[in-house]
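Asks: Here it is, the structure, as structure tokens.
The values are calculated or read from the model by the stated rules, or taken from the named source; none is laboratory data. This one's a predicted model, so the numbers in the text were calculated from it and none came from an experiment. Cβ: placed from backbone, ideal geometry, glycine included. Neighbour counts: every protein chain shown.
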Amino acid sequence: MLTTRPRGTNDILPNEIDKWQRLEEVLRHVSRLYGYSEIRTPIFEHTELFQRGVGETTDIVEKEMYTFVDRGERSLTLRPEGTASTVRAYVENKLFAGPQPTKLFYLGPMFRYDRPQAGRYRQFHQYGVEVFGSRDPSIDAEVIAMAMDIYTRLGLKNLSVELNSVGCTKCRSVYRKELQKYLEKNKHKLCSTCQARYDRNPMRIFDCKNENCQALIEEAPTIADLLCNECRDHFNKVQEYLKALGIPFHLNPRLVRGLDYYVQTAFEIVAQGIGAQSSIGGGGRYDGLVEQCGGPATPGIGYAMGLERILLTLQKQGVMQEETKNIDVYIATLGEKAHLKGAVLAQQLRNKELLVEYDYLKRSLKAQLKAADRYQASFTIIIGEEELTNNQAVVRKMEDGSQACISFADMEKYLIDNIRKG
RNA sequence: GUGGCUGUGGCGAAGUUGGUUAACGCACCGGAUUGUGGCUCCGGCACUCGAGGGUUCAAGUCCCUUCAGUCACCCCA
């Protein structure tokens, strides 16, 4: 156990940190373009926040939370998603009193106690945005367009946007009853989980993979048929804006997202070929959430994307180009005095913005050159007794093995000139 | 929480119906080249064959338990 990381967690090693940083760069850049400011909230919150915010009946709250009691006997929970915390921060810090809408993004680890599999981990990373203060359908469309913009910039292909409206609390309860009425006579034929869903949240039966359940619900009325005028109008406008923005989408009346707070717009972005966990992002509108979390009635919409899944998709689609790392100068030394001189020279060259490595192991020259080769150094400076007395060093161009004797006084200029050129 | 597959040196892997000192490749370190890399050759590098228990004269090879990885279900990013 001492040398094993906890289940479902990952070390991001030096050889892969690069792609993470490049991904994060794109996310921050696009955030700026769309006018979002970063918010950093705690990794853990009062358990109650997620219970109320995410919803008591969701899988997240029922079986996936990392909850613990601290020394002050408070129940705390490692955040399983980002929206609840962001809403809490919005309310607590009275951001609603500032200019609206408020557009925020976050980036960081989330935690869910789930069985790990391809594209699913217990600690995973999400980037997400939240917009508070507007119920206008144009922002729904923009948020979806923004997500697609990010994927496109990253080079992802073959994605599909699944879009639905889950209605407001009013039309949803009407729909619920309709759906229950439709399924009533066949209720006993549903699988056991769907029988439970029948009472709690019959819309989730659409998600069931069981063929029998699928058959039973196939001809069921969809929410689209029963949206109230306001919701239907909103949904139509969202589609209108999406079309105008050139974002293709699939209407999916069966898309039901697993978090309780969604109303009206719900969407998911799906990638192919990364296994069963194909959703690389999703979101929707949550107009009642801020109020429910103790703030003023404020509309909101947001989405989150899973960074591991994005990286996985990038890899599967082969759009991940390796970044070559090489240094400018390797300093090889022989003998104690030369070693000291090398240390000083390394500092001097680094001050001139050169990437410099130096041998700390007092290895043989041969071994040092081998190291220089591994670092893909452009030049290796060799300093030994002889060079010290002549106040110069051998500078070897690694590419072709050509060497020159350069005085320490001219070293900086020589290297800078030659490296810039090459 | 449920199920399938897997678990041998840093990595990738051989390992016959259980039978002596557990292949091979890569990586790493050193030498051939007394102060010079990338190629070649030579050499070096394994106290637990995931862990624990059992069967047997004898187990990496059989049985049980457990842990981990992986994929899938549930659900989600």
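Asks: Can you name the number of the only condition in (1) over 18 Å from the mean Cα position of the chain (by Cα); (2) under 30 Å from A:TRP20 (Cβ atoms); (3) part of a loop (DSSP other than H, G, I, E, B); (4) more than 13 Å from RNA strand B (Cβ to nearest atom) that A:GLU142 fails?
Replies: Here A:GLU142 clears every test but (3).
Asks: Right, next: Checking A:ILE310 against (1) at negative phi; (2) within 45 Å of the chain's Cα centre (by Cα); (3) outside the structural domain of A:GLU268 (by TED's automatic domain parsing), which test does it fail?
Replies: The single condition A:ILE310 does not satisfy is (3).
Every residue, every condition in (1) away from RNA strand B (no atom under 16 Å from the Cβ); (2) hydrophobic (A, V, I, L, M, F, W, C); (3) touching a residue at least 60 places away in the same chain (Cβ under 8 Å); (4) under 30 Å from A:ALA145 (Cα atoms), yes or no:
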site: A:VAL174; (1), (2), (3), (4): yes, yes, no, no
site: A:LEU183; (1), (2), (3), (4): no, yes, no, no
site: A:HIS188; (1), (2), (3), (4): yes, no, no, no
site: A:CYS191; (1), (2), (3), (4): no, yes, no, no
site: A:MET203; (1), (2), (3), (4): no, yes, no, yes
site: A:LEU216; (1), (2), (3), (4): no, yes, no, no
site: A:ASN229; (1), (2), (3), (4): yes, no, no, yes
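Asks: Just give me the residues in segment A:378-405 being touching a Lys or Arg at 6+ places or on another chain (Cβ under 9 Å) and closer than 23 Å to A:GLY335 by Cα, in sequence order.
Replies: Result: A:PHE379, A:THR380, A:ILE381, A:ILE382, A:ILE383, A:GLU385, A:GLU387, A:LEU388, A:ALA393, A:GLN403, A:ALA404.
Asks: Out of the helices (runs of 4 or more DSSP H) lying entirely within segment A:1-70, which hold 3 or more residues that are more than 24 Å from A:LEU311 (Cα to Cα), in contact (Cβ under 8 Å) with a residue 24 or more places away in the chain and more than 12 Å from RNA strand B (Cβ to nearest atom)?
Replies: A:47-54
Asks: Follow-up. Test each condition in (1) in a helix (DSSP H, G or I); (2) in contact with a strand residue (DSSP E or B) (Cβ under 8 Å, 6 or more places away or on another chain); (3) more than 10 Å from RNA strand B (Cβ to nearest atom); (4) not aromatic (Phe, Trp, Tyr) for A:LEU354 and report the one that comes out false.
Replies: Here A:LEU354 clears every test but (1).
Asks: Could I ask something else about it? Pairs only if they're at least six apart or on different chains, beta carbon under 8 angstrom, first in segment A:400-419 and more than 16 Å from RNA strand B (Cβ to nearest atom), second small (Gly, Ala, Ser); list them, first residue then second.
Replies: Short answer, once both residue conditions are applied: A:TYR414/A:ALA404.
Asks: Next question, about the same structure. Which ranges mark the helices (runs of 4 or more DSSP H) fully within segment A:215-315 that have 3 or more residues being at pLDDT 90 or above?
Replies: A:229-244, A:289-292
Asks: Name the one entry in A:PHE206, A:PHE235 that is among the aromatic types (Phe, Trp, Tyr), surrounded by 14 or more Cβ atoms within 10 Å (Cβ to Cβ) and under 26 Å from A:GLU62 (Cα atoms).
Replies: Among A:PHE206, A:PHE235, only A:PHE206 is among the aromatic types (Phe, Trp, Tyr), surrounded by 14 or more Cβ atoms within 10 Å (Cβ to Cβ) and under 26 Å from A:GLU62 (Cα atoms).
Asks: Being assigned to a helix (DSSP H, G or I), closer than 18 Å to A:ILE327 by Cβ and among the aliphatic types (A, V, I, L, M) is the filter here; which residues of segment A:398-417 pass it?
Replies: Hits for segment A:398-417 are A:MET411, A:LEU415, A:ILE416.
Asks: Within segment A:103-139, which residues are in contact with a Pro (Cβ under 6 Å, 6 or more places away or on another chain), assigned to a loop (DSSP other than H, G, I, E, B) and farther than 12 Å from A:THR9 by Cβ?
Replies: A:GLY133, A:SER134, A:ARG135
Asks: Oh, and also: Take the residues in segment A:401-420 that are of a type outside the set (Gly, Ala, Ser) and under 15 Å from A:ALA377 (Cα atoms), then tell me which one is modelled with the lowest pLDDT.
Replies: Step by step, filter segment A:401-420, then rank; the result is A:ARG420.
Asks: Can you spot a residue in segment A:303-317 that is acidic (Asp, Glu), within 12 Å of RNA strand B (Cβ to nearest atom) and exposed (fewer than 14 other Cβ atoms within 10 Å of the Cβ)?
Replies: No: zero hits.
Asks: Restricting attention to segment A:96-106, does a residue exist that is closer than 28 Å to A:ILE205 by Cα, assigned by TED's automatic domain parsing to the domain that holds A:ALA271, modelled with pLDDT of 95 or more and within 16 Å of RNA strand B (Cβ to nearest atom)?
Replies: There is no residue in segment A:96-106 that is closer than 28 Å to A:ILE205 by Cα, assigned by TED's automatic domain parsing to the domain that holds A:ALA271, modelled with pLDDT of 95 or more and within 16 Å of RNA strand B (Cβ to nearest atom).
Asks: Only one of A:PHE50, A:PHE68 is at pLDDT 95 or above and either farther than 15 Å from A:LEU259 by Cα or of a type outside the set (Ser, Thr, Tyr) (or both). Can you tell me which?
Replies: On inspection, the qualifying residue turns out to be A:PHE50.
Asks: Still on this structure, I have one more. Given the conditions (1) more than 21 Å from A:MET148 (Cβ to Cβ); (2) within 9 Å of RNA strand B (Cβ to nearest atom); (3) in contact with a helix residue (DSSP H, G or I) (Cβ under 6 Å, 6 or more places away or on another chain); (4) touching a residue at least 60 places away in the same chain (Cβ under 8 Å), and given that A:ARG197 satisfies all but one, which numbered condition is not satisfied?
Replies: (4)
Asks: Please count how many residues of segment A:357-370 are under 25 Å from A:ARG420 (Cβ atoms) and within 6 Å of RNA strand B (Cβ to nearest atom).
Replies: The number of residues fulfilling the criteria is 1.
Asks: Within segment A:371-386, restricting attention to residues that are of a type outside the set (A, V, I, L, M) and part of a loop (DSSP other than H, G, I, E, B), which residue is nearest to RNA strand B (Cβ to nearest atom)?
Replies: In this case the residue turns out to be A:GLY384.
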